[in-house]
Every structure is written in C-alpha cells, then in structure tokens.
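S.K.: I'd like to ask some things about the structure below.
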Amino acid sequence: MELMEMFKGRNIRPWRFLVQIGAVLFIIGQSYGLPPFGTYPIFRRIFLPNASCRYINDAPTSCYYYQVQDGFTTGFATNYVDVAIMLAVVVLLIILLGRFWCSWLCPFGLVQEGFEKLRELLGIPRYRLKWKQRILLRRVKYTIIFLTVLISIPIGISALGLTSCQSTFALPFCQVCPAKGFFLITQQIFGAEPWSNKLPLIAIASLVVFSVSAFFLPMAFCRICPMGGLMALFGRTSLPLLKKDPDKCTKCRICARVCPLDHDRVYEDMEKDDVGGEDCTLCGKCVEYCPEEGCLSINYGPFTLTSSKRPRTRNTFLGRFRKGGGDT
Amino acid sequence: MKEKRTSRYLKDKDGYFSEEQIDRTKKRSREMEEASRTRLTSQKVRAKTLTYFDEIMKYDGARSQELSDFQGKGGKIIGTMCVMVPLELINASGAKNVRLCSGYYEPVHPANELLGDAGLCPMVKSTLGSKMVNANPITNNINMVVGPATCDGKMKLAEILEDWVPVVMMNIPRVKIGETSSDIWVKEIEYLSRKLEEVTGKRISKRALVNEIKKWNRGHELWSKMLDIRRSKRPTISGQDAMLVVQASQMDDIERWNKKTSQLISELQDMQKKGMIAGEDGAARILLAGSPMMYPNFKIPAIVEESGGTIVHDELCSGFRLMSDPVMLDGITRKGIMRGLAERYFFPCTCPCFSPNDERIRRIKESIEAFGIEGVVFHTLRGCHLSNIEATKIELELRDIGIPMVKLESEYDEGDIEQVRTRVEAFIEMIKARRENEGI
Amino acid sequence: MVDIDLSGKPYDVGIDVGAIATKVIVLKEGEIVGSLVKNTSMEPGKLSDSMLSEILEGIGVRKEEVGYIVSTGQGRRSIGIADMARTEITCFAKGAHHLVPDSEIVVDIGGHGIRVMRMGEMGVIADFRTNDKCSTGTGCFMDTMAMALEVNIEDVGDRSLHSKMAEHVNASCTVFAESEVVSLIAKGKITDDILAGLHNMVARKILALVNSTRSKGKVFICGGVGRNTGVVKELREIINREMVVPEDPHLVGALGAALMAPRPKVSVKKEVDTVQKEEVPFMKRFLRWST
Ligand code: SF4
Ligand code: SF4
Ligand code: SF4
Ligand code: SF4
C-alpha cells in the first residue's frame, strides 16, 4: 500500500478519510454510544442521503430518500408545506454539496471503501465491469428512482384515490436498502440497541449481497444508489465540479483505470471541460493520479480546490521515519 | 522442446558475408560514431557530466564490456525494438535491456543485399544489418528480441530477426478504443512476462516489479525536471545532448542512469544560475518531430543546432517519449500492476502506427505553447510511410495556429546534408524574419 | 552580421551562385545598375570576384563604393568576398516580394531544385517546400533532355511552341525520362512535340508542388527555367491562378540577395516624412484625419 502512495501526484485520500470519519462521528456517532453532536433541531431538517438512516436510533436527521419516499406518499394528503420544505432542502443540498456528499460524507461510502481496502490487502484483483454491465447498472439506478419517486407521487395525491396503497407502498426502497440491514445489525452488535430476533430477512439478504459485491467491485452500491442517482440527474447544476483541461491531457487512461466507479468520461471527453456527472462521486482519485500538471481539478463553483500534479518520488507518511526512502 | 527452425530469409548464412565486409561495416560504424561524438563534444557550452552518457553510447565503450561480463555470469540481455516494450518487466526478471534500433549508416548495406532495395525505412534496415554482420558490440549478444508489431517495417523486421535470435512478437492493437484494446495489450504483456520467465528461468515477483517501477518512475521524474530546464528561456542543454541522455536510459542500468541524470540536472541548474546558455543567444526555438533518430544518426538535430536553432523539445519516440509517462498503479495486485504497466506503454503513446492519432497533434500543440516553440522541424525517414502521411495533417493543423513547419525527408547517409542544411537554414532565417516583423 | 560604415557606399551587391549559372547584381537604392550572368565554374569564389570587377568597371564604380556583398545559392559559402550568406529560399522570396509585392506563391525553378514559397505578411515566407532528391523539372533536367534531343538549350522553349500535338512523357525521373525521350525519337516523333510533352510534364510537376501549399493566390515564377517559354506557357494553361513571370526571372535570387543587405531604411523614410509634413498644411491634415 505504501508503495502505491509513492506514485501519486497529489494526496487527497488522507484528507478525505479524516472528513469521512468526522462526518460519521457527527452524523451517526451517538447511536454507537458517542456523545451526540448533531441533535440540534436545525439538523433535523437537513436530509442527507442515508446520512442517518431512519433505522438508526436517535438519528439527528434522516436520509433524504426516506423523506422523498415518505413525503410523497403521505405528504400531499396532509401537509403540503412539509413537502415543499423537504423539496427545497433537497434541491439546495444537491446544489451546494452535490456529489461531494458521496465520497466525502456518506458513512456508507466509507463502509464500502473499507471493503475495498480489505480486498487490496488480500491482494485480490478487483472486478472490472464490462461496458454493457455498466450501462445496465445505470439503468437499474434510474429505474429504482422512477419506481420509488414517480410512483409515490400519484399515491400521495389524495384526489387520485390511491391513498389506500399507502401502507403497502410505504418506504419500498428502505425494505431492500442494505443500509437498513447494516445499521440495524451494527447497532445491535455495539449494544446501542437490544438484541432482537426480528431482524428483517430482506434487509439481511441485501446486506450480504452488498458486502460481497462491494468486496469485489469497488463502490458497488454507489452504482445503483438512487440518492446518488438523483444527485447525478441534477449534477450539472451543482457547484462542485470535476474539470479537465483537454489540452493538457495525454490520454494516458490512468484516470479511467483508477476510478473506483469506472467513470470513463473523464478519460474520453476531449471537448467539454466538465467531465463529472453520471457515475462520478468526486472522490478525487483521478486527480491524485493524473500525471499531468493541472490537467484535472476539483472545483467548487469558480474556485479550484485542488488540481493534478506531476508525480514526485517522495516519502510516504511512514517512510519519512525510515532511512533511504528516496534516492536523492 | 521446440525444434530448431531453419532460417527463413538466409538459408546459406554461414559465410554469406565476407570477413572483409564485416570488418568494413565495423570500421565505418566506429568512424561514424566517433564523428558524431566529436560533433557533440565540440559544442561550446556542454555540461561535464555528459561525458558519462557519451561513454554509455560509445561504439565499443565500457558499456558493451559490462554487458558481456554480465552475460558471462549467466545474465540475460533482452533487445527491445520499440518504446512500447515495458522495460520494468525485463529488469524485474533480472535481465538487462538494450534498445536495438540502430542509427549506424553502414549496416544498411548488408540488409539491402538481403532484401534488395526494398524501400524500407533505413532504421529497420540498419537494425537488421547490424544483427546480420554483428556490427554493434552493444547489441550483438542479445538472448532475445522483443518486437511489438508497430509499423510494417518493424513487424517484418522481427520476423526476419528470428533467423538469428529468438523473437517475441507482440500484437499491438493499432486502433485505440478504450477497454478492448487495453485488454488485448494486457494479455500481450502477460505473454511477454511468461516468455521472459522462460528465458531467465526466474519468476517475476510482484516485489521486484514494484521496485523496478519505482526506479523507472524516478527516471521519469528526473526527465521532467530536465524538460523544465529545456522549457526555460535559457536552456543549458542542447537538444542533441538531451536526446543522447534519454537514449542512454535504454542502454544503461536505470539506477545508475538516475544517479547520473540527477547529477547532470544539478550541474545544468548551476550553469543556468551562471547565466550560460546552450547554442546561440536568441536562437530559434525548434521542436523536433517525426520519425525516430537513434544515436549516432544525429544528422538533423546537429544541422538544426549548427544553423542557429535550439531544439528545446522533441516529439520523438527516440526522445522525450522514452521517459515521458510514469506508471501509475491503482492496486498492488499482480493483475493491477500488469494493467498499469500495459496502459502506461500503450495509451499515452503517440506512435504514428495508431489510427486515428489525434493525441499526437494535441501533444505537439500543447508543447508548442509550453515550450515557446517558434517552428517545427518534422523529420521523416525515407520509407517511413506512417510519419510521411501524418506530416501533411500536422502541417495543416499547425498552419492554423500560425506555427511554421518544415518537412525533411532523409536517408541514412551524408549525401543529402547540404540540401537539408539549405532548407533548415532557410527555415531558421524565416523564423527570425518573422520575429523581427512581430517586433515592429 | 557584419557592420559596415555605409557612408559613401551606396552600392550593394548580390551574388547568386547557382548550380548552373552564377548571377551577380549591383544595386543602388533598390535599382539595378548592373548585372552579369556566367556559367558556374569550379571556383565560384574567383569567378564571382572577377564578375563583380567586370560589372563595376562597366558602370564606372570604384570597389570602395560597394557597401554590402551578400551571397546566396548553393555555393554561397564559398564566396570569400561576401559579408553575409543567405539561403536561396529567403533571397528569391525577398526579390519576388520586391518586384511583385502581392504575389502569394513564389516558384523558383533553378538548376538543381524547385522551391515553392508561400508568402506571409510583409514579404516573410510563411512556409516553403522543395523537391526532394528528384531533379525532374530543374535546369539540369532540361539540359539533359535538350542534349538527348540535340537542341540548343536556348531554343528549347520557342521550338516547343510550334508543336501541334504534344507527346505524352510520363516518367518522372531524369534517367527514365531520357530513355523515354530516346524511344520517342526512335519512333520518329517530331522533336517539337516531344519538347512540348516534356514541358507539360514539368509544368504538372511544378503544379503539384504549388498545389501542396494550398494557396490560391498570385504565382510568381522565377529562376532559370522561368526563361523557358514552353514551360511557362504550359504552366499558364494549367495553373488556374494569376501568374507573373518577370523579365529576368533568373536574376531574382541575386536581386533578393542584394536587398538582404541590412541598410537602414529609416534615412529614406525620414526624408519622405519631413517632405510630407512640410507640404501638407495643418487644416488639410486635419481634414484628412477627420474623414
Ligand atoms: S434504509 Fe436506505 S433508503 Fe431507507 S432510510 Fe435507510 S439509508 Fe435511506
Ligand atoms: S489521467 Fe489525466 S492525462 Fe491521463 S487521461 Fe486522465 S485526464 Fe488525461
Ligand atoms: S471520476 Fe475521479 S472523482 Fe469521479 S469517481 Fe472516478 S476517480 Fe473519483
Ligand atoms: S521510423 Fe517509421 S517506418 Fe521506421 S520503424 Fe518507425 S514507424 Fe516504422
């Protein structure tokens, strides 16, 4: 692992890791017995994608997908204001955070990266999706959004008389979401919740599927995650952007290879400078590895946060304490 | 056990070439190399460390002795025929690499004798000729040749060379379409690693591979520092010398090369601080592009730099491209390493054998901007169809951005020197006149 | 570049040492005051020296009155008396621009080479191409052909104009073209027709080079072969662009060389400026400016 770090131009990963840990502590820490950080009322309105799954005890906020599902199916019948506020918050968050959420804050992303690390440590090669499979997964993603969101809306409109379906159609995605299984089980293991034998079987099954796939395929869930999908749909309007200077690109394909999500627009697109979108979660891995000075950059609106750099042989954090890491 | 195949091209090869011819080839090659070296050493501003690289590239210098000693101890030497051969892999198997492509003029004749005047590029002929009469002490005793099937000339060259030495041919997908071609190439690299293991009898371990990658990446890093020096307003190294240095990396042990190059770089930086400059003050900044030029065939760069230009950058697979891209690994699994290696040698390569090859133009334009290039000298070897065809496209693209280009077609002999010189001089006069015009 | 004290030295000399002929020109303030053409000898230095003296004697100018001597052509480096040497490509372009400033393509058909220059702004070459090793269409080629046909080289052009039906000559290599010509003679074809065919082939060859510049502007023909009326006629027919042939196309290179002399043009300009300033009254100037 240490060897790998030596080849990077930029080092974004450690910072990202810190932010991720902080976010986990902030968002769901208290359900694992840590002091509560985020229980202030204001946070109750901030819905982040599986930020705090509804199935987390004492969760300060809730997953926005839960809100979307719940809000639409029931919202129109009772209180339109709730739906409006919810929508406004969701849209605002999409614009402000965009997919930064995915690889910098989402606790679930961290879990998946953990699986990836484990696989790398064991020296097992990753599975690479074929182009067709990638397209298929993308379709699955949008189908899920379609089924859960667009079908919830008519149900929520009481005038259509479908309100009787409300109970059967409540939270359809939550039932299969692996996050549910994950949080339920870990909470019970850490003792935040008493053991119960009423573990939902579907959630467990999907958790197993998820773990296995995330082990072999990096960020497996992110590929079909409807929350990410929603953000990607509006991705062009959000402020964080992955940009590329096509003139500097040598088409070395490093970016497409290192990308955990096989997002190859960043390699292929030579016309537009905005190369994010679709599958990209703004993890910055391609920026770290791109060997051309200033070719790729992560921007927030008009500001450049970081950009790619020529790789230098340098000592890694551990290597600094050893002798003879570099040879100059 | 593979049965010994009879020769395809030279069935009666014993005694085909007379002693006299072999001696003549050797003698002329040595003379030519000496002449080229004197031309290099007679430059006014020249870093002292460069003598080391002269020695490496010398016709029968210390390096050839070193290699034969190494071989005497049971080491293997692998000849490569293209920039697309992953040298890390060769080094990781414990073998040493030498670049076969030859720049000597004389060995062209034995090859012509064998093939008739086949309208081939002289580099291919010279490489073949060198092997046929064993005219180059560095590349004589190779144990195996790795020949990627790039252009037709090299492809057939690999086949012919099989009469003398075992050859591993690699199938290069000549159309780069993302993953599919990458998959093919990864398989070829894996095949090569198997072949290497067969020859050396040593398994290529992951650890060794990563170590070699580290060394070569270090080389890449040093080379980009060198490019920084050349990019500056007052480069302290001439284009010929830079090409010599980077070509030496193909012959030398990479670790030692790294050490010497970093020495050279600090010397060059010191020279820069002292205000020295290689070539004339106010020389035209030239980009060299086109077919490869292997040492000692430095005819064209020498002419350019003698007529008042400085080659501040090149776009040659015998120049900057040898060291231009680092290997980036996304995982330390064997498969990941192989893929990283394969893609490093495949995707950024702008060899004209790829089609479409828009990256080449993009890269040339990018370096024109970054290096402040005023004119492009596009060199094609006679018989290099790929470069010849691309020249037109590149010239038109460059015309759009107002950069003049001159195309020089040359053979491996000194006969056309005056003609080439006239054109290069006119080209540089033209650049200077343009400069004056813009100044007004 | 040599700096010369130019006071009392109004004359510049251009020496063009071509593959076949050496041309020397003496220039005074952009006007040709004397010129001489002789076949290039084995000692171009001596030859040009004597040629220069001959011209100077003829026009009654002392050697001390000569400012710059610029040499060009293939033998430019062997001229000892020259102050600077420039390539023929630059010089022909310079001369052509001086004679016809709006010419876009300059074609120089010399003894050993054909050079096509595309002109950019202010008489600076934008790019150029030359024939590679092949010498078809050059002066030497025409010489060889004239020899094979036993025609005096000076008459080649005019004789081909009499042709009614040109023969086809296809080979594009001097040796092969010669054997083709010989076989045409053997078939009993008329010399004039063969010549016309040859000229047509040469014109096509030149046209290919001209076309490769992808410029559609005015073409300026110079160099020794420019005196060959046959080639010029054929070229005019197929070139599809405006075409200019100067009176002495072979002298253009030497003229350009003489013009390369780094004479300060400011002095001339200044005079013009002051004259204008004095002559034009303020009101008039104002009116001119305001419209
Ligand atoms: S189960 Fe999944 S969709 Fe439902 S609230 Fe939890 S994270 Fe969100
Ligand atoms: S890593 Fe950088 S240089 Fe390479 S293809 Fe991607 S963007 Fe281009
Ligand atoms: S494209 Fe780059 S930033 Fe986006 S997911 Fe892939 S590696 Fe991460
Ligand atoms: S110079 Fe051209 S013809 Fe020769 S080996 Fe290279 S690509 Fe092939």
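The values are calculated or read from the model by the stated rules, or taken from the named source; none is laboratory data. All values reported here derive from a predicted model rather than from experimental measurement. Neighbour counts run over all protein chains shown; Cβ positions are idealised from the backbone, glycine included. Note: areas computed on protein heavy atoms with side chains; ligands, DNA, RNA excluded. Shrake-Rupley method; radii C 1.70, N 1.55, O 1.52, S 1.80 Å.
S.K.: Run down the aspartates and glutamates and flag those whose C-alpha is under 20 Å from the C-alpha of C:Lys38, throwing out any fewer than 8 positions away in its chain.
M.R.: The reachable aspartates and glutamates, counting only those whose Cα sits under 20 Å from C:Lys38, are C:Asp12, C:Asp16, C:Asp49, C:Glu54, C:Glu57, C:Glu88, C:Asp108, C:Asp143, C:Glu154, C:Asp155, C:Glu247, C:Asp248.
S.K.: Separate question: Got a number for the accessible area of B:Ile22? Probe 1.4 Å, square angstrom, nearest 10.
M.R.: Answer for B:Ile22: close to 30 Å² accessible.
S.K.: So what's the back-of-envelope 222 nm ellipticity for the protein assembly as shown, counting only DSSP H runs of four-plus at -39500 (n - 2.57) apiece and dividing by all residues, rounded to 500? Spell out each step's value before the answer.
M.R.: Values: 41 runs with 499 residues, N = 1059.
Calculated mean residue ellipticity at 222 nm is -14500 deg cm²/dmol.
S.K.: Using r as the Cβ-Cβ distance of A:Leu25 and A:Glu278, and R0 as 30 Å, what FRET efficiency do you calculate, to the nearest 0.05?
M.R.: Values: r = 31 Å, r/R0 = 1.02.
The pair A:Leu25/A:Glu278 has a calculated efficiency of 0.45.
S.K.: Under a cut-off of 17 Å between alpha-carbon atoms, report the lysines in cross-link reach of A:Lys285, not counting same-chain residues fewer than 8 places apart.
M.R.: A:Lys8, A:Lys117, A:Lys243, A:Lys244, A:Lys251, A:Lys309
S.K.: Report the accessible area of A:Cys63, computed with a 1.4 Å probe over the heavy atoms of all protein chains in place, in Å² rounded to the nearest 10.
M.R.: For A:Cys63, the solvent-accessible surface is approximately 10 Å².
S.K.: In addition: To test your reading of the geometry: what angle, between 0 and 90 degrees and rounded to tens, separates the Cα axis of helix B:62-72 from the longest principal axis of chain B?
M.R.: That works out to roughly 20 degrees.
S.K.: With solvent modelled as a 1.4 Å probe, how much accessible area in total do chains B and C shield from it at their shared surface, in Å² to the nearest 100?
M.R.: On the way: alone 18750 and 15360 Å², together 32160 Å².
When B and C are taken together, about 2000 Å² of accessible area is lost.
S.K.: At 7 Å along the Cα-to-beta-carbon direction for both C:Ser183 and A:Tyr142, put a label point, then send me their distance in nm to one decimal.
M.R.: For C:Ser183 paired with A:Tyr142, the spin-label model returns 6.8 nm.
S.K.: Could you order C:Met42, B:Met276 by accessible surface area, starting with the largest, using a probe radius of 1.4 Å?
M.R.: Details: C:Met42 180, B:Met276 65 Å².
Putting C:Met42, B:Met276 in descending order of accessible area: C:Met42, B:Met276.
S.K.: Compute for chains A and B the buried accessible surface, both sides summed, probe 1.4 Å, and express it in Å² to the nearest 100. If you can, show how the numbers build up before the last one.
M.R.: On the way: alone 16600 and 18750 Å², together 32220 Å².
Between A and B, the summed buried area is about 3100 Å².
S.K.: Pulled fully out, how much extra length does the chain show between B:Asp60 and B:Ser355, if you take 0.36 nm times their separation in residues and subtract their Cα-Cα distance? Before the final figure, lay out each step's value.
M.R.: On the way: separation 295, 0.36 × 295 = 106.20 nm, distance 3.88 nm.
Contour length minus the Cα-Cα distance gives 102.3 nm.
S.K.: If you don't mind, another one. Give me log10 I(q)/I(0) at q = 0.06 Å⁻¹ for the protein assembly as shown, Debye formula, one equal scatterer per alpha-carbon, no solvent.
M.R.: Reported log10 I(q)/I(0), two decimals: -0.63.
S.K.: Shielding by partners for B:321-334, please: the mean number of other protein chain Cβ atoms within 10 Å of each residue's Cβ. Write down the numbers at each step before the final one.
M.R.: Numbers: counts 0, 0, 0, 3, 5, 10, 4, 15, 8, 12, 12, 7, 7, 2.
Rounded to a whole number, the mean comes out at 6.
S.K.: If you don't mind, another one. Once the Cβ-Cβ distance between C:Glu154 and B:Arg28 is put in as r, and R0 is 45 Å, what FRET efficiency do you end up with, to the nearest 0.05?
M.R.: Numbers: r = 45 Å, r/R0 = 1.01.
That gives a FRET efficiency of 0.50.
S.K.: Ok, one more. Can you sort C:His97, C:His112 by 1.4 Å-probe accessible area, starting with the largest?
M.R.: Ranked list, largest accessible area first: C:His112, C:His97.
S.K.: Now for a different question. At most 16 other C-beta atoms within 10 Å and a DSSP loop state: those are the exposed chymotrypsin sites (Phe, Trp or Tyr not before Pro) I care about. Give me the longest piece of chain B that has none. Spell out each step's value before the answer.
M.R.: Numbers: sites that count: B:Tyr9, B:Tyr16.
Answer - B:17-440.
S.K.: Which of rounded, prolate or oblate describes region B:19-203 when judged by the alpha-carbon gyration tensor and an a/c cut-off of 1.5?
M.R.: Details: a/c = 1.60, a/b = 1.35, b/c = 1.18.
In terms of gyration-tensor shape, prolate.
S.K.: Something else now. Enumerate the lysines that C:Lys216 could reach by cross-link, defined here as Cα to Cα under 30 Å, with residues fewer than 8 away along the same chain left out.
M.R.: B:Lys365, B:Lys393, B:Lys407, B:Lys432, C:Lys94, C:Lys133, C:Lys205, C:Lys233
S.K.: Shifting gears a bit: Averaged per residue, what accessible area in Å² does the protein assembly as shown show with a 1.4 Å probe, protein chains only?
M.R.: Numbers: 45620 Å² over 1059 residues.
Computed with neighbouring chains in place, this is 43 Å² per residue.
S.K.: Separate question: I'd like the accessible area for B:Asp163, computed on protein heavy atoms only with a 1.4 Å probe and all protein chains in place. Round to 10 Å², please.
M.R.: Rounded to the nearest 10, that gives 20 Å².
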